[in-house]
Amino acid sequence: MTEPDNNSETGPATSGTPQRGFLSLLARAALPIGILAGGIAAYLILSAEPEKPKSPPATLQAIRTRVKELQVRDYPVVIKTHGVVRSHDEVTLSAQVSGLITHISLAFEAGSYFNEGDVLVQLDSKDYKNAVAVAEARLLSAQSALQLATLNHERNLKIFKEKLIPEAEVDHTSAIRSQAAADVDSATAQVDRSKRDLERTKIRAPFNGRVRHKAVGLGQSVGPGTPLGGAFAVDFAEVRLPIAGRELQFLALPEKLDDPPLDVELRDGIGGAPDVVWQAKIVRTDGALDDNSLELFAIARVDDPFGLKSGKPPLRIGQPVTASIAGRVLTNVVALPRIAVRQLDQIVLINKTEMTLMAKTIIPLWSDEQFIIVRDPLIQSGALLSTTHLVYMPNGAKVEIMPEIDAPPTAVATGKSNETPTIKPAGKLGRANKKP
């Protein structure tokens, strides 16, 4: 029996093995490859930006602002300054003779008023009356001696003409008469001095005034030059008002005695009488500028500062006051509200025809707490000024005018805020509110 050939039996199986292996590997790799391909396809689909629809062109929004209609007019300049009230005449009363104080007037108390010539302090006058009496007696004696010397001299002159006495006798009586005349003059001066000393025992008020302080008391012994107290005049007071150099051009300050005074209104600077106004006049100025501030001080005079005649509240010495000085009148100018001026010299006008913004640079002539005054031929009456603070204000930008809103009186009085405000009619500006 013949054995089977192994090569012949295994030959077909061996030749098919590599093909089955490749197909098996391909089957195992098909699933991951499919997943990877699907992920890539999904990524490409999702990452693709969809086509956006084209939006319509944006429309420019008008800038909203409130405005003020300007007017060309005349503007009176008022200079604001301040000062302290001081007396124009203040003295220290003192004794001129020695003596004991025997009487002090009720008017010689701190704050009391007195009139010129009033006796404020009386010194003991007994010794001074005696001195007057002695001087007058001496004067009578000297006058008698002069009369006798005169008679003797005249008698000797007659005898000398008859050649009965020598000329030397005449010269002697003449000298005696001259000495007697000198004694009379001396005695007369002594009487006058004694009377003055007696009068000086009465310390009188030198003017209509008020006592600042009293420095002596009843029974005190004083001597020449002893201060008795201080007093100041009340007929008028003065205030030194500093004027800055840039303000001098707007004032016509008096420089000479015959120059007209300048009107001033004074108000209480410490809030004691805010509604009271005292009228004053600048009558002169200091001769030089202040060394430290380079300001010129103007002196204003206030008549009847204590209201003795007018009945007004008193304007006390040492009281701070604020002053308003009437200056020159600026003609053909425009008053711009301070709130509408930006960066000190920039304003925004409204072109009423095209309703657009126009930025403009100004040159101020004058400024105060409320307005900045300019004179510009390009700013005419009826021009519209933007008063709203605009962060963005390009030239030529369209603008919409906001109406003015007034809060009702009840909202201010009651503090309620839920009431509907009332809008004023715009008038001429109402037409400008419409969009072009």
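The values are calculated or read from the model by the stated rules, or taken from the named source; none is laboratory data. These numbers were taken from a predicted model, which means no experiment stands behind them. We place every Cβ from the backbone using ideal geometry, glycine too, and count neighbours over all the protein chains shown.
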In segment 218-236, what residues are over 20 Å from E199 (Cβ atoms) and assigned to a loop (DSSP other than H, G, I, E, B)?
-> L218, G219, Q220, V234, D235
Do you know which of the residues in segment 273-311 that are of a type in the set (S, T, N, Q) and part of a loop (DSSP other than H, G, I, E, B) is surrounded by the fewest Cβ atoms within 10 Å (Cβ to Cβ)?
-> N292
Could you please give the count of residues in segment 383-404 that are under 34 Å from the mean Cα position of the chain (by Cα) and farther than 23 Å from V334 by Cβ?
-> 1
Scanning segment 360-383 residue by residue, the ones that are within 30 Å of Q61 (Cα to Cα), touching a Leu at 6+ places or on another chain (Cβ under 8 Å) and of a type in the set (A, V, I, L, M) total 3
When segment 317-359 is examined, which residues are found to be modelled with pLDDT of 90 or more and basic (K, R)?
-> R328, R338
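Of everything in segment 360-375, what is assigned to a strand (DSSP E or B) and hydrophobic (A, V, I, L, M, F, W, C)? Give them in sequence order. Talk me through it step by step, then tell me what you get.
Of the residues in segment 360-375, the ones assigned to a strand (DSSP E or B) are 360-361, 366-367, 371-374.
Selection gives W366, F371, I372, I373, V374.
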Out of (1) of a type outside the set (A, V, I, L, M); (2) in contact (Cβ under 8 Å) with a residue 60 or more places away in the chain; (3) farther than 30 Å from G219 by Cβ, the odd one out for N156 is which?
-> (2)
Any idea which residue in segment 186-225 is farthest from the chain's Cα centre (by Cα), counting only those that are surrounded by 16 or more Cβ atoms within 10 Å (Cβ to Cβ) and either of a type in the set (S, T, Y) or closer than 30 Å to I79 by Cα (or both)?
-> T188
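Rundown of residues vs (1) at pLDDT 95 or above; (2) in a loop (DSSP other than H, G, I, E, B), yes/no style:
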site: D185; (1), (2): no, no
site: V211; (1), (2): yes, no
site: V216; (1), (2): no, yes
site: E238; (1), (2): yes, no
site: Q249; (1), (2): no, no
site: A252; (1), (2): no, yes
site: L257; (1), (2): no, yes
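In segment 226-241, what residues are farther than 25 Å from E116 by Cβ and buried (at least 18 other Cβ atoms within 10 Å of the Cβ)?
Filtering segment 226-241 down to residues farther than 25 Å from E116 by Cβ leaves 240-241.
Selection gives L241 alone.
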Within segment 117-145, considering residues that are among the basic types (K, R) and under 60 Å from the mean Cα position of the chain (by Cα), the one surrounded by the most Cβ atoms within 10 Å (Cβ to Cβ) | K129
In segment 243-257, is there at least one residue being under 30 Å from Q96 (Cα atoms) and β-branched (V, I, T)?
-> no
The condition from (1) surrounded by fewer than 17 Cβ atoms within 10 Å (Cβ to Cβ); (2) in contact with a strand residue (DSSP E or B) (Cβ under 6 Å, 6 or more places away or on another chain); (3) in contact (Cβ under 8 Å) with a residue 60 or more places away in the chain; (4) among the hydrophobic types (A, V, I, L, M, F, W, C) that L262 misses is numbered (1)
